[in-house]
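Novice: For reference, the structure I am asking about is given below.
The values are calculated or read from the model by the stated rules, or taken from the named source; none is laboratory data. Being a predicted model, the structure only gives us computed values, none of them experimental. Don't worry about glycine lacking a Cβ; one is built from the backbone with ideal geometry, like all the others, and counts go over all protein chains shown.
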Amino acid sequence: MLSPDEILQAIPHALEGLEVPGGMPRGKVRDFYVMNDGKRRVLITTDRLSAFDHSIGLVPYKGQVLNQLSAWWFARTADIIPNHFISTPDANVTIARETRPILIEVIVRGYITGVTSTSLWTRYASGEREIYGMQFPDGLTKNQKLHHPVITPTTKSTVGHDDRLALNDVTAKGYADENTWKQIQAAALALYQRGCDMAEAGGLILVDTKYEFGFDEENGALLLIDEVHTPDSSRYWKADTYKDRIDMGLEPENFDKELVRLWYVAQGYHGEGTPPLMSSDLIVATSERYQRVYEMLTGEVFEPAAYPADERIHAAVAEYA
């Protein structure tokens, strides 16, 4: 894990995107292209940080953490459901099977919390009791563990706002047929339980997380795609301080990008209009957080890849052009 000074020095070199003639399609944090065989996709995970459905800045080494941590999780969840992962020829690059994505994000929540418009606590605190088509009882408190994990789907947007869906909207609106949606829900709950168990072993609570699925373009099999249990797609809390902090009426000790959301809320920003620029201190703290999550989950020391990243990534993907 790098020191704050090393991270600060890396800020000007953080990976905004790969410069290629004509550019390439861009998601919130990943650039990609489909290989000539039409069967594989090259995914380049950048250092772009997204929050409140906006790209708000660059965080050094964030892309490397997401890419390598997802590869780690794909290897440890493939017995639950197959995934699109093939290889990682570079710290920021994944070669994946080409899929036909299902255009929803499947969010599994084990706790009632959050500050965004799609979070359970935001809706619950505003007086709603039927949320995502599910009924919640009176008397719940923020950051409380739910009796059982719940699935809260949203529409998937590469840019802009994700909209909430009720469970039955997924089939009613044609996002997936009934059998596929049953498979997805079963897989999502099993993935979440696996994630909870392994996070606990690393001293973390997996509070909630997001999964994406698609169909293999070759054989039509349902696959887990995108990323798994990263600090971008998941909310983590420190396990050893959770109970004491709740008992004292304090927020849990978050260990994900929630520190970014909370910083923006403290600036009075809730997603409308142009977001404020991230401070250098926030960028450094976020990079530290991502690296530390990687180390706690994997039990491995984070080894930063070289910056600037463009040359090494170009070399790594040359054979996949």
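Novice: Which of the numbered conditions does residue 21 fail, given that it passes all the others? Conditions: (1) surrounded by 19 or more Cβ atoms within 10 Å (Cβ to Cβ); (2) modelled with pLDDT under 90.
Specialist: Condition (1) is where residue 21 drops out.
Novice: With a cut-off of at least 3 residues that are surrounded by 12 or more Cβ atoms within 10 Å (Cβ to Cβ) and within 19 Å of the chain's Cα centre (by Cα), name the helices (runs of 4 or more DSSP H) lying wholly within region 172-285.
Specialist: Values: elements: 178-201, 239-247, 258-266.
Result: 178-201, 258-266.
Novice: Another one. Against the condition touching a residue at least 12 places away in the same chain (Cβ under 8 Å) and either crowded, with 20+ Cβ neighbours inside 10 Å or in contact with a helix residue (DSSP H, G or I) (Cβ under 7 Å, 6 or more places away or on another chain) (or both), how does residue 86 come out, does it pass? Explain how you work it out, then say what you get.
Specialist: Working: touching a residue at least 12 places away in the same chain (Cβ under 8 Å): yes; either crowded, with 20+ Cβ neighbours inside 10 Å or in contact with a helix residue (DSSP H, G or I) (Cβ under 7 Å, 6 or more places away or on another chain) (or both): no.
No.
Novice: Here is a follow-up. Please name all residue pairs, on different chains or six or more residues apart, with Cβ atoms under 6 Å, provided the first residue is in region 157-183 and is among the hydrophobic types (A, V, I, L, M, F, W, C) and the second residue is assigned to a loop (DSSP other than H, G, I, E, B) and modelled with pLDDT under 95.
Specialist: So the pair list comes out as 166/132; 166/133; 167/133.
Novice: May I ask you to verify whether residue 118 is surrounded by 13 or more Cβ atoms within 10 Å (Cβ to Cβ), of a type in the set (S, T, N, Q) and modelled with pLDDT of 95 or more?
Specialist: On the way: surrounded by 13 or more Cβ atoms within 10 Å (Cβ to Cβ): yes; of a type in the set (S, T, N, Q): yes; modelled with pLDDT of 95 or more: no.
No.
Novice: Taking into account only those residues within region 154-171 that are in a loop (DSSP other than H, G, I, E, B) and either surrounded by 18 or more Cβ atoms within 10 Å (Cβ to Cβ) or of a type in the set (D, E, K, R) (or both), which is modelled with the highest pLDDT?
Specialist: Start the filter on region 154-171 by keeping residues that are in a loop (DSSP other than H, G, I, E, B), which leaves 156-163, 165-168.
Cutting the leftovers down to either surrounded by 18 or more Cβ atoms within 10 Å (Cβ to Cβ) or of a type in the set (D, E, K, R) (or both) gives us 156, 162-163, 165.
Details: 156: 78, 162: 67, 163: 81, 165: 90.
Result: 165.
Novice: Can I ask one more? Answer yes if at least one residue in region 42-59 is of a type in the set (D, E, K, R), surrounded by fewer than 19 Cβ atoms within 10 Å (Cβ to Cβ), touching a residue at least 24 places away in the same chain (Cβ under 8 Å) and not in a helix (DSSP H, G or I), and no otherwise.
Specialist: To start, the set of residues in region 42-59 that are of a type in the set (D, E, K, R) comprises 47-48, 53.
Then keep just the ones that are surrounded by fewer than 19 Cβ atoms within 10 Å (Cβ to Cβ); that gives 53.
If we keep only those that are touching a residue at least 24 places away in the same chain (Cβ under 8 Å) too, we end up with 53.
With the extra rule that they be not in a helix (DSSP H, G or I), the set shrinks to 53.
Checked against the condition, which is being of a type in the set (D, E, K, R), surrounded by fewer than 19 Cβ atoms within 10 Å (Cβ to Cβ), touching a residue at least 24 places away in the same chain (Cβ under 8 Å) and not in a helix (DSSP H, G or I), region 42-59 yields at least one hit.
Novice: Okay, next question. Being within 27 Å of residue 251 (Cα to Cα) and under 14 Å from the mean Cα position of the chain (by Cα), is that true of even one residue in region 72-93?
Specialist: Looking through region 72-93, none of the residues is within 27 Å of residue 251 (Cα to Cα) and under 14 Å from the mean Cα position of the chain (by Cα).
Novice: Continuing with this model, one more query. Six or more apart or on different chains, Cβ under 8 Å: which pairs go from a residue in region 110-135 that's of a type in the set (A, V, I, L, M) to one that's part of a helix (DSSP H, G or I) and surrounded by fewer than 21 Cβ atoms within 10 Å (Cβ to Cβ)? Could you list them?
Specialist: 112/121; 112/124; 115/121; 115/122; 115/262; 115/265; 131/123; 131/124
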